[in-house]
Structures are given as C-alpha cells and as structure tokens.
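The values are calculated or read from the model by the stated rules, or taken from the named source; none is laboratory data. As the structure is a computational prediction, the values presented were derived from the model and not from experiment. Glycine also receives a Cβ, built like all others from the backbone with ideal geometry; neighbour counts cover every protein chain displayed.
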Amino acid sequence: MRTFFSCFYYLKSLSNDLGTALQKIVPHSSTAVVEEARNKVSETSTKMYNSVLDAHEKSKDLEETLKDLTKEVQGLTKEKEAVEKRRTEAIKKHTELELDVKDLQEKMAGNNRAKEDAVRQLENLQKEIQDSMDELDRMRPFYENQVIIEKEITKGIMEREKQLSILYQKQGRATQFSSKAARDKWLQREIDDLERVLSSNLVQEEKLQEEIRRLDAELKERDVYIESRRTEIATLESLISQSRQGFSHHKAQRDKLQNERKCLWGKESELTSEIDKMRTEVEKAEKSLDHATPGDVRRGLKTVKYICKEYDIRGVFGPIIELLDCDDRFFTAVEVTAGNSLFHVVVENDEISTKIIKHLNSLKGGRVTFIPLNRVRAPHISYPQSSDVVPLLKKLKFSPNYTPAFAQVFARTVICRDLDVATRVARTDGLDCITLEGDQVSKKGGMTGGFYDHRRSKLKFMNMIVRNKNSLNMKEKELEELILHIDQKITELVSEQQKTEAKRTHDKSELEQLKQDITNANKQKQLITKALENKEKSLADVRTQIDQLRASMAMKRAEMGTELIDHLTPEEKNLLSRLNPEIADLKEKLITCKTERIETEARKAELETNLTTNLKRRKQELEAIISSAETETLLGEAELKRQELSDAKLLVEDATQQLQSVSERIDDRTKELRMKKDEKNKLKTLEDEYERTLQDEAKELEQLLSKRNILFAKQEEYSKKIRELGPLSSDAFEMYKRRSIKELHKMLHRCTEQLQQFSHVNKKALDQYINFTEQREELQKRQAELDAGDEKIRELISVLDQRKDESIERTFKGVARHFREVFSELVLGGHGHLVMMKKKDGDQGDDDLDEDGPREADLEGRVEKYIGVKVSFTGQGETQSMKQLSGGQKTVVALTLIFAIQRCDPAPFYLFDEIDAALDPQYRTAVGNMIRRLADMANTQFITTTFRPELVKVADKIYGVTHKNRVSHVDVVTKEDALDFIEHDQSHNTD
C-alpha cells in the first residue's frame with residue numbers, strides 16, 4: 001500500500017508539473033496532444049487513487065472484523081472445549097450412575113431372594129423349634145419327677161445307712177467305751193462337730209439365697225434393659241425414615257435449583273463474553289493512555305501505586321486525570337490548559353508526598369509531581385460576566401475535597417467563544433483564555449494554537465477506561481447476583497443433605513449398636529438363668545445336708561443318757577435285719593432311676609443346647625435378614641441413584657445441545673471468517689493490479705515528461721528571443737496568433753535585421769523605469785508604516801513614563817515619611833528628609849551627588865529625577881548632604897533608608913554584616929533597640945554579624961563562629977559567653 005501511494009504521488013506531481021508547463025507554452029498541436037494525454041493519465045490515476053482508498057478503508061474494516069471474528073472463534077472454541085469437557089464428565093457420571101443402579105438392582109434382587117429363602121427357612125426352623133419346645137415341655141415334668149424320685153431314694157438310702165451305722169455303732173460301743181460317761185462325752189464332741197458343720201451349711205444356705213435373689217434382680221434388670229433398647233430402636237427407625245424423607249425432599253429442591261441454574265448458563269455465558277470484551281477495551285484504552293503519557297511520568301505513576309500498596313500509605317487520592325470528569329466538548333480545552341498537570345498526584349499533606357518521593361528515589365521509579373492539599377490554596381479570581389466567557393473550573397466535575405488542587409490548575413483559565421473574545425478577555429481581565437478548539441491566549445499576550453489530534457486525547461482514553469470499568473463492575477455485579485443467590489441456596493441444600501445423611505448414618509450406627517446391646521443382654525440373661533439354676537441346685541443340696549446333720553444330731557442326743565449295753569434290743573435287731581435288704585433294693589432302684597435320669601437329662605440338655613446355640617440363634621439371624629433395614633436403605637439409595645441418573649441424563653442432553661449450538665456458531669463464524677479472508681484477498685489482488693497499472697502509467701508519464709522537457713527547452717528559447725525584443729504592445733500576441741510558424745520566422749528574421757541598426761539603443765530602459773517606479777512606491781509605503789509605528793511607540797513610551805513617575809512619586813512619599821520617623825528615632829534631636837531632585841540634558845551632577853552621580857540623560861532631553869538626602873544630626877543649623885557626612889553618619893543614613901523601606905514593604909528577614917562597625921555607641925544602641933522593636937512588632941527576622949555588645953544584648957539567639965585547623969565551626973553560645981568574648985576581643989585589640 002505504501003508503494004502504491006508513493007507511486008501515485010509521484011505520478012500526480014509529474015502530471016501537475018507537466019500541466020503547468022503546458023499552460024505556459026503557447027498552444028500548439030503537439031502540446032494539445034500532451035495535454036490530452038496528461039489529462040487522461042491524471043483522470044485514470046485519480047479514479048484508481050479513489051478506488052484504492054476505498055479498498056484500503058474496506059481492508060481496514062475487514063481486518064478489524066477478522067480480528068473480532070478470530071477472537072469470537074477463539075472464545076467459542078474455548079467454550080466448546082469447556083462444554084465438551086462438561087459433556088464428557090456428564091457422560092462419565094451417567095455411566096457410573098447406570099452401573100451403580102444396576103449393581104443396586106442386582107443387590108436388591110439378591111436381598112429379595114435371600115429374604116424369601118430366609119422366610120422359608122424360618123418357617124421350617126420355627127416348626128423345628130416348636131417340636132423341640134414341645135418335646136422339652138413334655139420331658140421337663142418327667143425329668144423333674146425323676147430327680148425327685150432319685151432324691152427320695154438317695155435320702156432313703158442315706159437314712160437307712162445312717163440307722164444301720166448307728167445300730168452298728170451302738171452295738172459296738174460297749175466294747176468301744178468303758179463307761180457311759182465316756183460314751184456321752186464322745187457323743188457330745190460329735191454333736192459339737194455336727195453343729196459347727198450345720199452352722200457352716202446354714203451360712204452357705206443364706207449366701208446361696210442371697211445369690212439367687214441377686215440373680216433374679218439381674219434377670220429383671222436385663223428384661224427392663226432389653227425393653228428400653230427395643231423402644232429406642234423403634235424411635236431410631238422412625239427418625240431414620242424421617243431423615244430419608246428429608247434427604248429426598250432436599251434432593252428434589254436441589255435438583256430443581258440446579259435446573260434453574262442450568263437455564264441461566266446461557267445468560268451467564270453472554271455476560272461473561274461481554275465482560276471479556278469490556279476488559280479487552282479497558283486494556284486497549286490503558287495501553288493508548290500509556291502511549292500518550294510521557295515515559296518517566298508513566299513509570300512514576302506506576303511506582304507510586306506500587307509504593308502505596310507495598311508500604312500501606314494512606315492519603316494518596318490519585319492523579320488529576322483520574323479525579324475529574326467533564327463533557328466531551330471540553331476535553332481539548334482541559335488537556336491543553338492542564339498539559340502534564342493532568343498527571344499531578346493529589347495527596348492529603350506534604351508528609352505523605354515526602355515519604356513517597358524518598359521511596360521513588362530509592363527505587364529509581366520515574367518522576368511525579370505532587371499537590372499536597374494542606375499546602376495549596378484556591379485563588380480568588382474575579383471572572384468577567386459575559387455569555388461568551390465561561391470559567392473552565394465550573395465545567396469540571398470533581399469531589400469538593402479536591403477543590404484547592406483543581407483551582408491551582410484550572411482557576412485562572414476561562415473558555416471563550418472565539419479567539420477575538422479570548423484576546424479581549426486576556427488583555428482586560430488578566431486571565432488565561434482558551435477556545436473549545438484548544439487555541440490559547442495567555443494573559444501575558446502569547447497565543448498558541450493549531451491542529452490538535454483528538455484521536456490521542458488522554459481524557460477520552462481515561463473516560464473510556466472509567467466508563468468501561470463502571471460497566472464492567474455492573475456486569476460483574478449482575479453476574480454475581482444472577483448466580484450467587486441460586487448457588488447459595490444449592491450450597492445450603494447440599495449442606496442440609498450432608499447433615500441429614502450424617503445424622504441418618506449416625507442413627508444407623510446407633511441402631512446397630514442397640515441391636516448388638518439386645519443380643520448381648522440376651523446372652524447375659526441366658527448366663528444368669530444358667531447360674532440361677534446352678535445356685536438353686538446347690539441350695540437344694542445344702543438343705544439336704546442340713547436335714548441329715550439335724551437328724552444325726554437328734555439321734556446322738558437321744559442316745560446320750562441311755563445305758564451302755566453290749567447287745568441290741570429285739571426291735572433293734574429286727575430293724576438291723578431289715579435295713580440291709582432295703583438298702584440293697586433301694587440302691588438297685590437308685591441305679592435304675594439315675595440311669596433313666598441321666599438319659600433324660602442328656603436328651604434335655606441336647607434339646608436346650610440345640611435351641612439356645614443353634615435354633616434360636618439361627619432364628620434371630622433369619623429374622624434379622626427378613627427385618628433388615630438394608631432393603632429399605634437399598635430402596636432409598638436406588639431411588640436417589642435413579643434420580644441422579646435422570647439428572648445426569650438431562651445434563652448430558654443439555655451439554656449435547658450446548659455443544660451442538662456452539663459448534664453451529666463456530667461453523668457460522670468460520671464460514672464468515674473464510675468469506676472475509678476471500679474478500680480481503682480480492683482487495684489485495686485489486687491493489688496489486690492498481691499498482692501494476694500505476695507503474696505502467698508512470699512509464700507513460702516519464703515519456704510525457706521527456707516531451708515536456710523538450711517543450712520547455714523550446715519555450716526557453718522563445719522566451720529568450722522575446723526578451724531580446726524588449727517590451728511589446730498589448731496586442732502583439734493577438735496580431736500574430738493566427739499566423740503560421742514559417743511566416744512568424746520570416747517576420748522575425750526581418751525584425752532582427754532591422755533591430756541590428758539600433759544596437760546602440762538601451763532596449764531595457766522601459767523595463768528598468770517600471771521596476772524603479774514600483775520599488776519607489778514600495779519604499780514610500782514602508783516609510784509610512786514605520787512612521788505610524790514610531791508615533792505609536794512614542795505614545796506608549798510617554799504613557800509608561802507617566803505611570804512610572806506616578807509610581808515612583810507614590811513610593812517616594814511613603815519612604816520619605818518613614819525616613820523622617822526612623823531618623824528621628826535613631827538620632828535623638830536630629831532630623832532628616834529625602835528630597836526628589838531633577839536634572840535635564842547637559843546639566844552636570846549636583847554637588848550633593850556621590851562620585852558615581854545619576855545615570856546619563858537620554859537623547860530626547862527628558863527630565864530625570866533622582867533622590868537626595870538632607871539631614872541634621874544636631875537639630876540646629878543647616879542640613880547636610882551625603883558628601884558632608886562622616887563614615888558613621890553615612891552608615892546611620894543608610895540604615896535609616898533601609899528601615900524606611902522595610903516599613904513600606906516588609907521582607908521576611910534581613911541579613912546585616914557588621915553594620916555597627918563604624919557607628920558610635922549611642923547609634924549602635926539606637927540601632928539595636930530599633931531592630932529589637934521591629935522584630936517584635938513586624939514578625940521579621942534579623943540576622944546580624946557583629947563584634948559589638950549592643951546588638952548582642954538585644955538578640956534572641958547567639959551563634960559563635962570559631963576557626964580551628966582551617967575549619968569553621970558554628971555553635972550556639974549564651975549571651976554571657978558572647979559578651980565575654982567581645983570584651984576579650986576588644987581588650988586584645990586595644991593591647
């Protein structure tokens with residue numbers, strides 16, 4: 001494109017030059033042909049130029065469109081990848097849920113089959129248990145009867161054997177004991193031993209009874225405990241059912257909200273796309289603003305932001321450009337007025353700016369100008385009341401807190417309708433003026449203006465940044481409000497689901513624990529029952545032993561006191577003969593009864609063991625399988641999984657639809673992108689064709705240029721000949737215009753021969769006369785202009801001299817009045833005054849003047865004025881001029897003049913270097929007192945150097961300057977030390 005434009009402009013210049021040359025040449029057939037060819041080439045070039053411009057603009061538009069489409073395709077591609085990823089995850093989850101549902105269904109089918117088998121087995125088992133229970137019920141009375149019979153037989157045998165033993169003992173006591181008393185004594189010992197055994201058995205009986213009562217109580221406690229646990233189990237089962245219902249309810253609500261959230265995905269995608277687009281525009285505007293900002297200022301602003309963030313510095317409000325807002329019409333006026341002040345940073349106080357500048361220097365982070373609000377004051381400006389003038393500050397929008405900073409930059413500038421109004425306002429009101437186009441008129445008279453590139457407007461970039469950031473914040477807030485509410489609800493429901501699930505899991509574990517507690521309690525109950533049976537059996541044995549002991553004791557007591565005989569009575573012999581056969585019969589019966597009882601007991605134990613350890617336990621297991629809550633749990637899980645599967649299916653379908661939509665949009669954008677690229681390539685081809693055409697036309701124009709050079713050469717030749725002819729009449733060309741070239745050549749030859757006869761005549765006299773006449777008129781015109789300017793300048797000098805004299809007169813009167821007052825204060829009884837003296841041109845200096853004298857008079861003879869002094873130190877006699885005064889008196893007069901000027905126009909401080917060196921003591925004292933008084937009244941600081949005590953005595957602070965080792969040292973000293981030093985110095989000088 002650049003090659004095309006250079007080629008076009010080259011052709012254009014050639015064409016213009018050729019046209020100019022042809023216009024200067026006399027019309028002619030060859031020139032007409034060249035002119036026609038030039039016009040044709042020019043028209044063709046212009047048409048191609050316009051076409052290429054249009055193509056170039058279209059190419060730019062196409063490039064922007066291609067960039068936008070490329071970005072959109074990239075965004076859609078990313079969105080497609082995200083949708084594909086989401087769809088893949090959804091399909092994966094759908095597949096997992098399908099497998100989970102299938103596993104749950106198989107598990108449920110297995111549980112149902114297991115339940116059916118358990119029901120059938122339970123029926124058979126209950127029948128078997130019932131048969132065993134019936135048989136055990138029939139056997140238990142028979143067994144108990146056998147035990148009773150066995151006990152009676154055993155008891156009968158024991159009684160008979162006891163009787164038999166007593167009879168044998170009685171029969172043999174006659175031989176065993178020598179007397180009745182010995183027998184009775186032995187019987188008494190036996191009775192005592194039996195009583196001790198009886199007492200032990202009675203204690204054991206009491207203990208066994210206590211153990212039995214305790215075991216009975218434990219059995220009742222176990223029954224109560226089992227009943228309470230069953231009640232808790234029922235309560236927990238109810239809670240688990242409620243938890244399952246609550247979980248399903250929360251799940252349904254969550255699914256509903258998730259469906260709503262899915263519906264908002266499209267809007268969320270649109271908002272996200274808009275937010276990304278706005279962020280791109282903000283970044284583009286920030287880059288443009290960076291390019292429009294000076295490099296060191298840009299680095300400085302970035303470093304200031306970093307410093308404020310890194311060191312947590314508060315009170316930095318930002319640059320002016322970020323704090324103001326105004327209408328678009330005033331952008332140019334504001335930028336031109338402020339200049340780089342737009343980037344001045346407003347801070348709360350100067351301490352903050354000092355701290356930031358230190359960090360800036362250490363980091364070498366560029367340059368920044370700060371405006372501390374505690375240091376700047378808004379100037380009071382009186383604006384002209386006119387509809388053509390508007391204060392620029394009133395058109396700006398900013399926080400009232402920043403008024404001093406904005407007034408510092410914009411308060412002295414007004415916006416004017418045009419440059420005429422601006423010039424008038426700047427001259428009359430002393431304000432800087434600016435137009436909306438950016439043309440400035442300074443109050444000092446300078447004018448600045450010209451073209452201003454609005455495309456690089458800093459305020460426009462900042463306005464774009466602020467507007468897009470505000471829109472970006474609104475969109476982000478809208479996006480957050482759009483999603484946050486539903487996401488919060490979904491999160492709350494998920495949390496409630498988790499809590500419900502956790503509670504249900506906890507209740508299930510407690511339920512299992514309660515069932516385990518019941519099982520353990522039943523086991524303990526069986527153990528207690530068995531222990532109780534053993535205790536009751538032991539108690540029966542102990543009671544039998546007690547009865548036997550009591551019977552034996554009764555027989556021994558009955559034998560005591562009887563006669564000791566060596567033979568039995570007939571009744572006893574009869575009883576002895578009957579006891580042995582009875583004992584033998586009873587023992588046989590006992591063996592038979594015990595055998596039957598053992599068989600019955602073995603069968604009974606077998607039945608009980610089978611019932612306890614096998615049948616009842618199996619029954620509990622089958623009942624647990626039948627009444628297991630796992631089936632309900634599986635049903636609930638299966639329902640949840642089916643719901644999740646349905647949601648996953650919807651999610652897959654939704655993702656598929658989104659993927660299809662995004663793919664269609666990508667295809668459409670790709671087709672559009674391809675079409676735009678083809679159109680751009682066509683424009684490129686057209687541009688190349690135009691460039692080749694222009695190259696051909698350039699060659700053609702070069703040929704025309706060579707013809708033009710030939711015609712120029714002929715023109716020069718003809719012009720030379722015409723100049724040689726001298727001045728011609730006005731109708732010369734009209735007379736010979738219609739003649740042919742040959743006729744003109746012949747006539748020219750004849751004229752040349754005739755002119756040779758007048759070779760001594762000045763042929764250029766007429767031309768020279770005309771030129772000199774024009775030069776004289778021009779010089780006379782310039783002289784008139786210079787005379788008018790001279791008159792204006794003289795008027796201005798007169799006005800300025802008048803103003804100067806008035807100002808000098810006014811100042812002189814004030815200084816003269818204060819001079820009289822100060823002189824009378826310094827010189828008691830004296831008086832002095834200033835006089836205004838005059839001198840004309842040629843006058844010599846007055847006798848009162850110093851050797852230097854006044855400055856020389858100007859060349860116009862104006863009267864010059866200067867100041868003279870007339871003083872009297874005694875108050876009597878004539879006044880004296882400066883030449884007549886001593887050195888100390890001249891010093892007094894000079895100080896009087898300084899103090900008089902100080903009273904008219906006070907300065908912040910004064911520096912005096914040994915002003916009292918030539919003064920007498922009374923004048924030093926008077927000068928010191930006046931300095932002290934002025935320092936107290938006028939709030940003015942006086943710094944003096946002295947070797948005299950008078951000024952030291954009235955000073956507030958004294959510094960001593962010493963010189964040691966070629967180095968000066970300044971130290972604060974007390975008044976006493978200073979006076980001692982001065983006194984020592986004066987005495988040393990005297991010596």
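Figures for the structure shown
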{"read-out": "Residue ranges of strands (runs of 3 or more DSSP E) in the stretch 315-373 with at least 1 members more than 20 Å from Glu286 (Cβ to Cβ)", "value": "345-347, 370-372"}
{"read-out": "Qualifying residue in the stretch 959-976 (condition: assigned to a helix (DSSP H, G or I) and at pLDDT 85 or above)", "value": "yes"}
{"read-out": "In the stretch 689-730, the residues that are among the hydroxyl-bearing types (Ser, Thr, Tyr), at pLDDT 75 or above and either outside any helix (DSSP H, G or I) or over 60 Å from the mean Cα position of the chain (by Cα) (or both)", "value": "Ser706"}
{"read-out": "Asp956 being in a loop (DSSP other than H, G, I, E, B) and crowded, with 16+ Cβ neighbours inside 10 Å", "value": "no"}
{"read-out": "Glu536 out of contact with any strand residue (DSSP E or B) (no Cβ under 9 Å at 6 or more places or on another chain), acidic (Asp, Glu) and modelled with pLDDT under 80", "value": "no"}
{"read-out": "Filter pass, Thr337 being of a type in the set (S, T, N, Q) and either surrounded by fewer than 15 Cβ atoms within 10 Å (Cβ to Cβ) or out of contact with any Asp or Glu (no Cβ under 8 Å at 6 or more places or on another chain) (or both)", "value": "no"}
{"read-out": "Matching entry among Thr354, Thr280 (being among the β-branched types (Val, Ile, Thr), at pLDDT below 90 and surrounded by fewer than 18 Cβ atoms within 10 Å (Cβ to Cβ))", "value": "Thr280"}
{"read-out": "Unique residue being small (Gly, Ala, Ser) and not in a loop (DSSP other than H, G, I, E, B) when the list is Ala894, Ala907", "value": "Ala894"}
{"read-out": "Given (1) free of Cβ contacts under 8 Å to residues at least 60 places away in the same chain; (2) aromatic (Phe, Trp, Tyr); (3) in contact with a His (Cβ under 8 Å, 6 or more places away or on another chain), index of the condition Phe331 fails", "value": "(1)"}
{"read-out": "Pair list, Cβ under 7 Å, 6 or more apart: the stretch 408-429 residue of a type in the set (Lys, Arg), other residue exposed (fewer than 15 other Cβ atoms within 10 Å of the Cβ)", "value": "Arg412/Pro379"}
{"read-out": "Residues of the stretch 910-936 satisfying the condition of being over 57 Å from the mean Cα position of the chain (by Cα), among the aliphatic types (A, V, I, L, M) and either assigned to a loop (DSSP other than H, G, I, E, B) or loosely packed, with under 14 Cβ neighbours inside 10 Å (or both)", "value": "Ile915, Ala917, Ala918, Leu919"}
{"read-out": "Any pair with Cβ under 7 angstrom, 6 or more apart, that starts in the stretch 485-500 at a residue that is farther than 19 Å from Leu239 by Cα and ends at one that is of a type in the set (D, E, K, R) and surrounded by 16 or more Cβ atoms within 10 Å (Cβ to Cβ)", "value": "Ile486/Arg261; Ile490/Arg254; Ile490/Arg261; Leu493/Arg254; Val494/Arg254"}
{"read-out": "Residue match in the stretch 369-391 (condition: surrounded by fewer than 15 Cβ atoms within 10 Å (Cβ to Cβ), closer than 17 Å to Lys302 by Cα and in the same structural domain as Arg424 (by TED's automatic domain parsing))", "value": "yes"}
{"read-out": "Pairs with Cβ under 9 Å, 6+ apart, first in the stretch 130-149 and within 18 Å of Leu611 (Cβ to Cβ), second among the basic types (Lys, Arg) and modelled with pLDDT under 80", "value": "Leu136/Lys604; Met139/Lys604; Arg140/Lys604; Tyr143/Arg597; Tyr143/Lys604"}
{"read-out": "In the stretch 243-277, residue modelled with the highest pLDDT [restricted to those that are over 30 Å from Asp68 (Cβ atoms) and hydroxyl-bearing (Ser, Thr, Tyr)]", "value": "Ser243"}
{"read-out": "Qualifying position, being surrounded by fewer than 18 Cβ atoms within 10 Å (Cβ to Cβ), of a type in the set (Lys, Arg), modelled with pLDDT under 80 and under 52 Å from the mean Cα position of the chain (by Cα), among Lys12, Lys85, Lys60, Lys92", "value": "Lys60"}
{"read-out": "Unique match (being of a type outside the set (D, E, K, R) and touching a helix residue (DSSP H, G or I) at 6+ places or on another chain (Cβ under 9 Å)) among Val799, Val815", "value": "Val815"}
{"read-out": "Test for Thr77: is it surrounded by 13 or more Cβ atoms within 10 Å (Cβ to Cβ) and of a type in the set (Ser, Thr, Tyr)", "value": "yes"}
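Quick grid of which residues meet (1) modelled with pLDDT under 85; (2) assigned to a helix (DSSP H, G or I):
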position	(1), (2)
Lys781	no, yes
Glu791	no, yes
Ile797	no, yes
Gln802	no, yes
Arg817	no, yes
Glu821	no, yes
Gly829	yes, no
Gly832	no, no
